[in-house]
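Participant: Attaching a single structure in structure tokens format; questions to follow.
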Amino acid sequence: MAEARTPRATATGAGRVLVAIYGIFALSATARAAVQIAGRFGDAPLAYLLSALAGVVYILATVGLAGTRPWARTLAWAAVGFELTGVLVVGTLTVLDAAAFPDDTVWSFYGRGYGFVPLVLPLVGLWWLHRTRPSPA
Amino acid sequence: MYDALALATLVATGALALFGLVLAALNRAPGRELKIAVGVVVALLAAQAVLGVVRAFGVTLPEQSTFLIYLAVSVCVLPIATQFAYAEPTRWGGVVVAVGAIATLVAVLRLQGLWVPSG
């Protein structure tokens, strides 16, 4: 029976710390994007849309990691994987062509403005999802 | 902003982060003492936020709405993080409080940077 060996929840123990960090990033990235888009969207539409996208990804990752249902783990894998891709792609683009990004996003320069936490966080997230994965029946 | 109060909140949130991490290092679940410490820090932050809102309407800031959002965030993060932390009766609860305290510390620092009054 699957119930006899429930997979380790992603939101307990050290995972609770991870969820807390994701929650804070979800809040700050979304709030930042909201202010940017509401206040001065025309200045740097690409950067502000990326901020909003990052905010949504952090929200989905938080929900996925905090949840206990099977779909939550799938959602967490997808969101954290997308997050790692996002920070690597946006980070590389900002290094190569800084002029295309007149205003910073969370992922600019691999998250330099946030102490590089946006670069480290998805790596820790993927490691944690791997570590807590359900053991094969 | 108001240098003494800002300094007090920075020191208090830093000390709270350290407190949470020390509890975790000692392998202790968050208890009553940590909750009291959080209460004191949140009271300081709330005082700063009230003063900040009052002062913000008397001057012109380059990013008024951002400033007000940071004020709200600086007060709200710790109570939510603490609620979340106490559902985890292990050493990791203390780390969650520390994470909340560090995020609050960053928000207070950002508030300092945003306080560029004119007029």
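Participant: Quick one: how many residues across segment B:61-82 are part of a helix (DSSP H, G or I), of a type outside the set (Val, Ile, Thr) and open to solvent by less than 40 Å² (accessible area, probe 1.4 Å)?
Facilitator: 5
Participant: What's the number of the condition A:ASP104 fails, among (1) modelled with pLDDT of 90 or more; (2) within 18 Å of the chain's Cα centre (by Cα); (3) more than 13 Å from chain B (Cβ to nearest Cβ)?
Facilitator: Of everything listed in (1) modelled with pLDDT of 90 or more; (2) within 18 Å of the chain's Cα centre (by Cα); (3) more than 13 Å from chain B (Cβ to nearest Cβ), A:ASP104 misses just condition (1).
Participant: Let me ask something else about it. Residue by residue through segment B:107-119, note down the ones that are crowded, with 19+ Cβ neighbours inside 10 Å and facing chain A (nearest Cβ under 10 Å).
Facilitator: B:ALA107
Participant: OK, next. What are the residues in segment A:67-92 that are open to solvent by 50 Å² or more (accessible area, probe 1.4 Å) and either basic (Lys, Arg) or in contact with a Ser or Thr (Cβ under 9 Å, 6 or more places away or on another chain) (or both), if any?
Facilitator: Correct list: A:THR68, A:ARG69.
Participant: Being under 19 Å from B:LEU105 (Cβ atoms) and open to solvent by 60 Å² or more (accessible area, probe 1.4 Å) is the filter; apply it to segment A:116-130 and report the residue that is nearest to the chain's Cα centre (by Cα).
Facilitator: The qualifying residue nearest to the chain's Cα centre (by Cα) is A:VAL120.
Participant: OK, next. In this structure, does A:ALA47 turn out to be under 21 Å from B:THR66 (Cβ atoms) and surrounded by 13 or more Cβ atoms within 10 Å (Cβ to Cβ)?
Facilitator: For A:ALA47, the condition - under 21 Å from B:THR66 (Cβ atoms) and surrounded by 13 or more Cβ atoms within 10 Å (Cβ to Cβ) - is met.
Participant: Based on this model, can you work out whether B:THR82 counts as out of contact with any Leu (no Cβ under 6 Å at 6 or more places or on another chain), of a type in the set (Ser, Thr, Tyr) and over 25 Å from A:ALA29 (Cα atoms)?
Facilitator: So B:THR82 fails the test.
Participant: Could you tell me whether any residue of segment B:82-91 is more than 13 Å from chain A (Cβ to nearest Cβ) and on the phi < 0 side of the Ramachandran plot?
Facilitator: Checking segment B:82-91: not a single residue is more than 13 Å from chain A (Cβ to nearest Cβ) and on the phi < 0 side of the Ramachandran plot.
The values are calculated or read from the model by the stated rules, or taken from the named source; none is laboratory data. Quick caveat, the model's predicted, so the values are computed rather than measured. A quick note on method: Cβ atoms are made from the backbone with ideal geometry, for glycine too, and the neighbour counts reach across all protein chains shown. The protein model used for the area step is the full one, side chains on, heavy atoms only, and it has no ligands, DNA or RNA in it. Shrake-Rupley method; radii C 1.70, N 1.55, O 1.52, S 1.80 Å.
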